[in-house]
Amino acid sequence: MQDEPTTTELIKAVADFLRSEIAPAIKGHNAFKLRVGINALDLVTRQLALAEAADATEAARLKQLLGADGTLMELNRALSEKIASGEVDLNTPGLPEHLWQTTLDKLAVDQPNYASYKRELK
Amino acid sequence: MIEAELGRCVASFYPGANSVTGAAKLSGGASQETWTFDIVHPDGNVGAILRRAPPGYGAAPGRAAGLDAEATLMQLAHDAGLPSPKVMHVLTPDDGLGRGFIMARIEGETIARKILRDEEFATARPLLARQLGRVIAGIHGLPRDKLPQLRSMTATKEIEDLAREYHSFGWPRPVFELALRWLRDHDPGPSSEVTLVHGDFRHGNLIIGPDGVRAVLDWELAHFGDPMEDLGWICVNSWRFGEIDKPVGGFGTREDLFAGYAEAGRKADPDRVMFWEVMGTLRWGVMCCGMMQRFRAGPDHSMERAMIGRRASETEIDLLRLLAPRG
């Protein structure tokens, strides 16, 4: 078992330092790059907090939809093939709900400020 | 230093000028660069832009129209009275600057967030969609016999290109599969009219002033195809920058865009435009994934490229909003 602080606490501390102490002192293109870097750290923090639970429910839905077992990658590959072949479509019970939930869970990590995402949460 | 070569170059085409000042690179990948500089002249300096492939870079890769074609298209647009900078000089081997061209610099803003939020553009915003409709119609109406050699695209070919590129990443995305399936099922077939298509008509490639659109830039993706492609591309949600209820670039309505298009004597086909909006949304998503691949492969191992890979999910939610809207 690794000791404290947690990875989340470490990354958050670095991101907060960059945001409050360094960002105000940097100008020009490097300021833009720094903002991208801070965004990346924030994304990692969100993924550490959210991905495990989201992946578990995604896998459960995929197993139900496909009636098969496998890794998340294998299950997503199988679903993709079935959509491509037309074997499943938006009329397949559970498919629209599954795609929506999976996508919302991705946005919660990737871009929680994206306007379409915020609209769909209302 | 590039200023020495540019100085010799401007002397060859600009009477009274023999040097330049303030050269600065605005953007550049490995094969294409954009520079800003001032031509020094006794009557006052003249702002100019160099767009070039540096020496050693030959033919344009993949989909690019090529810099010679870009120069021809910009000059044709300028001659037709469309907002397009005057092309001052097409580079020759003697210039020692590679391939490309020099054009007049047009002042204004290209950054979407400023155009959509700053007070300076408040009067322009409600006018832009209609104005851009007229400009796109003008581009689609450029005289065919004067146009350079360009690739031809159809909806069917575009779907297959996107499918091939997406599958090359080896990363399953059920929402992209759904979009590809929808596009194949709704492919409207060849357009009854094939015209010049700008191919990248959106924020970033439009110089906007308080008076409206001043220039259309970046003709790299120009081709022959369905004119409705340009109208669909500018409606893609990724170019609304948060103003999601204003489909045209976050500033206007489709109705205004189509009205402007009609004022210039052309007719929009809303169903085809919607088809191309779905295609464009998927295309931007595939481009995001492609940038992530290039981040991995190098040489551009930048955070920016890596993070763009995490924007593909934005296009997934937009595709679901288009194809499987909830309640």
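Quick note: the coordinates plus some simple rules give every number you see, no bench work behind them. All figures in this text were calculated on a predicted structure; none of them were measured in a lab. With ideal geometry, Cβ positions are generated from the backbone for all residues, glycine too; neighbour counts draw on all protein chains shown.
Assorted remarks:
- Distance from the C-alpha centroid of region B:222-258 to that of region A:1-73: 32 Å, rounded to the whole angstrom.
- Amide H contacts of residue B:19 (H built 1.01 Å from N, under 5 Å, at least 5 apart or other chain): B:40
- Of the residues A:97, A:4, B:33, the one with the fewest other Cβ atoms within 10 Å heads the list, and the complete ranking is A:4, A:97, B:33.
- Test item: Cα-centred dipole of region B:177-327, Lys/Arg +1 and Asp/Glu -1 on Cβ, debye: 480 debye
- From phi via Karplus (6.51, -1.76, 1.60), per-residue ³J(HN,Hα) for region B:257-267 in Hz, x at Gly/Pro: 4, 5, 5, x, 4, 5, 4, 8, x, 10, 10
- Dimensions (Å) - region B:168-225, Cα atoms, principal axes, largest first: 43, 32, 20
- Relative contact order (%) - region A:1-98, alpha-carbon pairs under 8 angstrom, separation at least six: 20 percent
- All aspartates and glutamates inside 18 Å of residue B:267 as judged from Cα atoms, apart from same-chain residues fewer than 8 positions distant: B:193, B:226, B:229, B:230, B:255, B:256, B:277
- Compactness of region B:213-327 is given as radius of gyration and Dmax, 15.8, 47 Å, from Cα positions.
- MRE, 222 nm, helices only [DSSP H, n ≥ 4, -39500 (n - 2.57), over chain B, to nearest 500]: -13000 deg cm²/dmol
- Packing-based exposure ordering (other Cβ within 10 Å, fewest first) of B:101, B:224, A:17: A:17, B:224, B:101
- Debye-formula intensities of region B:178-259, expressed as log10 I(q)/I(0) at q = 0.11, 0.12, 0.15 Å⁻¹, are -0.35, -0.42, -0.65 (one equal scatterer per alpha-carbon, no solvent).
- Kirkwood Rh, Cα atoms: Rg over Rh of chain B: 0.97
- Cβ neighbours within 10 Å from other chains - mean over B:307-320: 6
- The orientation-averaged projected area of the convex hull spanned by the Cα atoms of region A:12-96 comes to 8.1 nm².
- Along principal axes, Cα extents of region A:78-118, largest first, whole Å: 35, 17, 12
- Region B:1-157: radius of gyration over Cα atoms, expressed as a fraction of 2.2 N^0.38 Å: 1.16
- Above-threshold pairs, the threshold being 27 Å between Cα atoms, out of B:86/B:114; A:33/B:25; B:86/B:157; A:27/B:114; A:33/A:118: B:86/B:157
- FRET efficiency, residue A:18 to residue A:53 (Cβ-Cβ, R0 35 Å, nearest 0.05): 0.80
- Residue B:263/residue B:144 FRET efficiency (R0 35 Å; Cβ-Cβ; nearest 0.05): 0.95
- ³J(HN,Hα) computed for each position of region B:293-299 - Karplus, 6.51 cos²θ - 1.76 cosθ + 1.60, integer Hz, glycine/proline x: 4, 5, 4, 5, 6, x, x
- Values of log10 I(q)/I(0), in the order q = 0.13, 0.16, 0.25, 0.29 Å⁻¹, for region A:1-54 under a Debye, Cα-only, solvent-free model: -0.38, -0.54, -0.94, -1.09
- Cut-off 12 Å between beta-carbons: net charge of the residues surrounding residue A:73, Lys and Arg +1, Asp and Glu -1: -1
- Dimensions in Å of region B:102-250 - Rg and Dmax from alpha carbons: 17.0, 47
- Its Cα gyration tensor gives the protein assembly as shown an equivalent ellipsoid; the semi-axes, largest first and in whole Å, are 40, 28, 21.
- From the C-alpha gyration tensor of region B:142-189, square roots of 5λ in Å: 29, 14, 6
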